[in-house]
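Step one of this worksheet: look at the structure below.
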Amino acid sequence: MSIIKERKKLTKAIKNAKTIFLMAHKNLDLDALGSSIGMNMILKRKKKNCYLIIDDKNHEAGVEKVLRELEGCIEIIKSENIDEYLYPRKSKNLLIILDTNKKDLVQSKEVLNKIENKLIIDHHDLGKTTIKDAIIIDDNKVSSTCEMITSLIEYYDVELESYYATILLSGIVLDTNNYTLNTTAETYYASYYLASLGASAKKVQYLLK
């Protein structure tokens, strides 16, 4: 998988940053939220200050359930308050964009302009509106961004609680439409790996209802 092959880009960007912000696309789905939460777990393992930027006022049912159940467990901020969290040296801030590469689809265009160091992790095709001034790790052959992040979690041997593994699995199930679309051997392996960490198929169905 390309994200493992290109891990040096990610490792270097993370190592150089003091504060890291995670931002996905507008109208979050479980792949966008799940991959953001998974990336958050990786960064916490590396002892980085990390914040999720979520501006959406309304959420689909599964996302709403996760945000409600994780309230207080993950640091979530709105883009309008980002100045309070930026590291004083601009070069030490990093924005990781997940599950989109299009500037028109992110939670906040203002944040794109405010943070100079950007890195994209995505599985969608690149195009005319792809963010240009970013390091791009994009693999359109994988099922989901959650699958990409799961590969990183295994590679870095991150300890993951079963609930977080379940959220990542729900993103894979969502984007593959129950393993009927864009499903490869790696997709099944990622699902198996998450199940080995305690991901609950029953809970996935609850989140997807």
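The values are calculated or read from the model by the stated rules, or taken from the named source; none is laboratory data. Everything numeric in this text was worked out from a predicted model, so none of it was measured. So basically every Cβ, Gly included, is an ideal-geometry build from the backbone, and we count neighbours across all protein chains shown. Heads up: the accessible areas ignore ligands, DNA and RNA and are worked out on the full protein's heavy atoms, side chains in. Shrake-Rupley method; radii C 1.70, N 1.55, O 1.52, S 1.80 Å.
Can you pull out every residue in the stretch 182-209 that is surrounded by fewer than 24 Cβ atoms within 10 Å (Cβ to Cβ), part of a loop (DSSP other than H, G, I, E, B) and at pLDDT 95 or above? Those that are surrounded by fewer than 24 Cβ atoms within 10 Å (Cβ to Cβ), part of a loop (DSSP other than H, G, I, E, B) and at pLDDT 95 or above: Thr183, Thr184, Leu197, Gly198, Ser200. Answer yes if at least one residue in the stretch 16-31 is part of a helix (DSSP H, G or I), closer than 20 Å to Tyr156 by Cα, modelled with pLDDT of 95 or more and among the aliphatic types (A, V, I, L, M), and no otherwise. No - not one qualifying residue is present in the stretch 16-31. Here Lys65 qualifies as buried (at least 16 other Cβ atoms within 10 Å of the Cβ), over 27 Å from Leu126 (Cβ atoms), touching a helix residue (DSSP H, G or I) at 6+ places or on another chain (Cβ under 9 Å) and in contact (Cβ under 8 Å) with a residue 60 or more places away in the chain. Just one of the listed residues (Asn58, Asn49, Asn93) is of a type in the set (S, T, N, Q), open to solvent by 10 Å² or more (accessible area, probe 1.4 Å) and more than 23 Å from Lys203 (Cα to Cα), namely Asn49. The combined condition, being touching a residue at least 12 places away in the same chain (Cβ under 8 Å) and under 11 Å from the mean Cα position of the chain (by Cα), is not fulfilled by Thr19.
Within the stretch 112-135, the set of residues being closer than 18 Å to Ser91 by Cα and either open to solvent by less than 90 Å² (accessible area, probe 1.4 Å) or touching a residue at least 24 places away in the same chain (Cβ under 8 Å) (or both) comprises Leu112, Lys114, Ile115, Glu116, Asn117, Lys118, Leu119, Ile120, Ala134, Ile135.
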